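*Asks:* The following block contains the structure, expressed as C-alpha cells.
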Amino acid sequence: MAWAGLRGNGSACLQSALLSQPPVSAPISLQQLTDQLNSLENEAAAAIQQAVAASELEDLRVGLLGKKGRLSAVLGAMGKLPGEERPLVGQRANRLKELVQSLLNQRLETVKQGALTERLQRERLDVTAPCRYGPPGHRHPLISTIEEIVDIFAGLGYRVAEGPEIETDHYNFSALNIPEHHPARDMQDTFYLGGDRLLRTHTSPVQIRHLEANPPPVRIVAPGRVYRRDAVDATHSPVFHQVEVLALDEGLDFSHLRGTVTTFLQHFFGDLPVRFRASYFPFTEPSAEVDVQWRGRWLEVMGCGMVDPAVLEGLGLDPNRWSGFAAGLGVERFCMVRHGIDDIRRLFTSDLRFLEQF
Ligand code: DAH
C-alpha cells in the first residue's frame with residue numbers, strides 16, 4: 001500500500017520476524033520466561049511504533065495477543081514452572097497484555113490521524129482559484145415567444161390549458177364543425193396514425209377538451225405543438241407551434257374579441273395599426289383574419305372569430321346563453337417577425353451561432 005511504499009519495508013520485516021518466532025519449548029525457568037516477556041515487550045513496542053496502517057496494527061494484535069500469538073505461547077510454557085512461580089509470570093503477562101493493548105490503541109489513533117491529515121492535505125480546495133465558467137444556457141427564442149404571449153393573456157385574466165398532440169378525428173375536426181369531406185380538411189392535411197388517431201393540425205381541439213371538462217365562464221390560452229403535411233421551405237415546417245385563445249361567457253360579442261386581440265397585439269408588437277379582415281373558419285362565425293402594420297407592410301398574424309353556435313351545441317351548451325370568441329396564432333410567425341428572422345428552418349436546426357444571438 002502507499003504508506004508502506006513511502007516508508008520502505010523496514011517495519012514489515014520487523015513485524016514478520018516478530019510474529020513468526022517459534023513457540024517456546026521446555027524445559028524452562030522463571031528467569032527465561034521473564035526474559036522472554038521482557039524482550040517480547042521491547043519488540044512489540046518497537047513494531048507497534050513503526051506500524052503505519054490500521055491493518056498492520058491488526059496483524060500485530062493477532063500475532064501478539066491472539067489465541068495463537070506470542071503471548072499465548074509464553075503462557076503455555078508457564079505450566080512447566082513450579083506452582084508458586086506461576087502467578088509471578090501470570091501477573092507479568094497480564095501487565096504486558098494491557099501495555100501492548102494500550103500501545104496498539106494509541107498507535108491506531110495516531111495512524112488514523114495521520115491518514116486524515118494526509119487526506120485533508122491531498123484534497124485541499126483552493127477557494128481563491130479562478131473558476132471555470134461554462135456558457136450559460138438560455139431559452140430558445142420560440143419558447144420565450146410562447147412565454148411572452150402567454151404572459152400577456154395571463155395579465156388579462158386567462159389561464160393556461162393544454163391538450164394532447166395525438167388527437168382523434170373527432171376533437172381535431174368533427175367537434176370543431178369540420179365534418180368529413182368538408183373542404184376545410186384539405187387546408188390542414190395531417191399525419192394519420194391509424195384508426196381515427198392523428199397528429200393534431202392546430203390547437204383548436206383544446207377548446208373542445210377544455211369546455212367538456214370545465215363549464216363556462218372560461219378564459220384560456222393554450223400553447224402547443226401542431227403538425228401538418230407540408231414540405232419544408234423558408235416559411236413551412238411540418239411541426240410548428242400555435243397558441244389558442246378562448247373566452248366563453250354570457251354577453252360576449254365581437255367588440256370584446258376586437259378589444260382583446262388588439263390589446264394583445266399592441267402589447268406584443270408595440271403600438272402598431274391593427275386591422276380585421278373578414279374570413280372563414282368552420283368553428284367561428286363571423287370569422288376574421290388579423291393583420292398588423294409592421295415596417296410599412298400589412299402582415300397577417302392570426303385568425304379569430306365568434307365561437308360558432310354549432311360548436312356550442314355539440315358540447316351541450318346553450319348558444320342563446322353562452323357566447324364567446326376564439327383566436328389562433330402561429331408562434332413561429334410571431335417570433336420571426338419580432339426578431340427579423342428570414343427562414344423558419346433556423347428555428348429548428350439548433351445552430352448555436354444563430355441561437356446565441358437571442
Ligand atoms: N385553428 C386555426 C388554424 O390552425 C386558427 C384559428 C382560427 C383558431 C380562428 C381559432 C380561430 O381559434 O377562431 O388555422
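The values are calculated or read from the model by the stated rules, or taken from the named source; none is laboratory data. Being a predicted model, the structure only gives us computed values, none of them experimental. With ideal geometry, Cβ positions are generated from the backbone for all residues, glycine too; neighbour counts draw on all protein chains shown.
*Asks:* Just give me the residues in region 292-320 being crowded, with 19+ Cβ neighbours inside 10 Å, more than 20 Å from N214 (Cβ to Cβ) and in contact with a Pro (Cβ under 9 Å, 6 or more places away or on another chain), in sequence order.
*Replies:* Passing the criteria: V292, G305.
*Asks:* Got a sec? Which strands (runs of 3 or more DSSP E) wholly within region 200-295 have at least 3 residues that are more than 32 Å from the chain's Cα centre (by Cα) and either at pLDDT 95 or above or farther than 21 Å from I341 by Cβ (or both)? Step through it out loud before you land on a result.
*Replies:* Details: elements: 218-227, 239-250, 274-281, 284-294.
Ranges flagged: 239-250, 274-281, 284-294.
*Asks:* To continue, here is another question. Please tell me if V292 is out of contact with any helix residue (DSSP H, G or I) (no Cβ under 7 Å at 6 or more places or on another chain) and aliphatic (A, V, I, L, M).
*Replies:* Considered against the rule, which asks whether it is out of contact with any helix residue (DSSP H, G or I) (no Cβ under 7 Å at 6 or more places or on another chain) and aliphatic (A, V, I, L, M), V292 comes out as no.
*Asks:* With the checklist (1) surrounded by fewer than 20 Cβ atoms within 10 Å (Cβ to Cβ); (2) within 12 Å of the ligand (Cβ to nearest atom); (3) among the hydroxyl-bearing types (S, T, Y) in hand, flag the one item Y192 doesn't pass.
*Replies:* Of the numbered conditions (1) surrounded by fewer than 20 Cβ atoms within 10 Å (Cβ to Cβ); (2) within 12 Å of the ligand (Cβ to nearest atom); (3) among the hydroxyl-bearing types (S, T, Y), the odd one out for Y192 is (2).
*Asks:* What is the one condition in (1) touching a helix residue (DSSP H, G or I) at 6+ places or on another chain (Cβ under 6 Å); (2) more than 30 Å from G114 (Cβ to Cβ) that G79 does not satisfy?
*Replies:* That leaves (1) as the condition not met.
*Asks:* What number of residues within region 219-242 satisfy the criterion of being within 12 Å of the ligand (Cβ to nearest atom) and either touching a Lys or Arg at 6+ places or on another chain (Cβ under 6 Å) or farther than 22 Å from V261 by Cα (or both)?
*Replies:* First, the residues of region 219-242 that are within 12 Å of the ligand (Cβ to nearest atom): 220-222, 224, 226-228, 240-242.
Those left that are additionally either touching a Lys or Arg at 6+ places or on another chain (Cβ under 6 Å) or farther than 22 Å from V261 by Cα (or both): 220, 226-228, 241.
Total satisfying the criteria: 5.
*Asks:* Residue under question is E147, and the condition is that it be among the acidic types (D, E), within 24 Å of the chain's Cα centre (by Cα) and either exposed (fewer than 12 other Cβ atoms within 10 Å of the Cβ) or closer than 30 Å to R228 by Cβ (or both); does it hold?
*Replies:* On the way: among the acidic types (D, E): yes; within 24 Å of the chain's Cα centre (by Cα): yes; either exposed (fewer than 12 other Cβ atoms within 10 Å of the Cβ) or closer than 30 Å to R228 by Cβ (or both): yes.
For E147, the condition - among the acidic types (D, E), within 24 Å of the chain's Cα centre (by Cα) and either exposed (fewer than 12 other Cβ atoms within 10 Å of the Cβ) or closer than 30 Å to R228 by Cβ (or both) - is met.
*Asks:* Taking region 150-172 only, how many residues are under 21 Å from L315 (Cβ atoms) and either exposed (fewer than 15 other Cβ atoms within 10 Å of the Cβ) or out of contact with any helix residue (DSSP H, G or I) (no Cβ under 9 Å at 6 or more places or on another chain) (or both)? If you could, list the steps in order and put the result at the bottom.
*Replies:* In the first step, residues of region 150-172 are kept if they are under 21 Å from L315 (Cβ atoms); the result is 158-164, 167-172.
Narrowing the set further to residues that are either exposed (fewer than 15 other Cβ atoms within 10 Å of the Cβ) or out of contact with any helix residue (DSSP H, G or I) (no Cβ under 9 Å at 6 or more places or on another chain) (or both) leaves 159-160, 162, 164, 169-170.
Going through region 150-172 one residue at a time, the tally reaches 6.
*Asks:* Test each condition in (1) hydrophobic (A, V, I, L, M, F, W, C); (2) surrounded by 11 or more Cβ atoms within 10 Å (Cβ to Cβ); (3) within 35 Å of the chain's Cα centre (by Cα) for V74 and report the one that comes out false.
*Replies:* (3)
*Asks:* Restricting attention to region 296-347, which residues are hydrophobic (A, V, I, L, M, F, W, C), part of a loop (DSSP other than H, G, I, E, B) and either under 21 Å from V221 (Cα atoms) or within 16 Å of the ligand (Cβ to nearest atom) (or both)?
*Replies:* Restricting attention to region 296-347, the residues satisfying the condition of being hydrophobic (A, V, I, L, M, F, W, C) are 298-299, 301-302, 304, 306-307, 310-312, 315, 317, 322, 325-327, 329, 331, 334-337, 341, 344, 347.
Keeping just the survivors that are part of a loop (DSSP other than H, G, I, E, B) gives 315, 317, 341.
If the condition is that a residue be hydrophobic (A, V, I, L, M, F, W, C), part of a loop (DSSP other than H, G, I, E, B) and either under 21 Å from V221 (Cα atoms) or within 16 Å of the ligand (Cβ to nearest atom) (or both), then L315, L317 are the ones that fit.
*Asks:* Residue check, E313 against (1) touching an Asp or Glu at 6+ places or on another chain (Cβ under 7 Å); (2) without any contact (Cβ under 8 Å) to a residue 12 or more places away in the chain, all met but one. Which one?
*Replies:* Just one mismatch for E313, condition (1).
*Asks:* I would also like to ask the following. For region 108-124, how many residues are small (G, A, S) and either more than 39 Å from the chain's Cα centre (by Cα) or not assigned by TED's automatic domain parsing to the domain that holds E58 (or both)?
*Replies:* Initially, region 108-124 is screened for residues small (G, A, S), giving 114-115.
Filter once more, so that each one left must be either more than 39 Å from the chain's Cα centre (by Cα) or not assigned by TED's automatic domain parsing to the domain that holds E58 (or both): 114.
Adding up the residues that qualify gives 1.
*Asks:* Taking helices (runs of 4 or more DSSP H) that fall entirely within region 44-149, which contain at least 1 residues that are in contact (Cβ under 8 Å) with a residue 60 or more places away in the chain and either of a type in the set (V, I, T) or closer than 30 Å to Q357 by Cβ (or both)? Spell out the reasoning first.
*Replies:* Details: elements: 54-65, 70-78, 86-122.
Of the helices (runs of 4 or more DSSP H) lying wholly inside region 44-149, those with at least 1 residues that are in contact (Cβ under 8 Å) with a residue 60 or more places away in the chain and either of a type in the set (V, I, T) or closer than 30 Å to Q357 by Cβ (or both) span 86-122.
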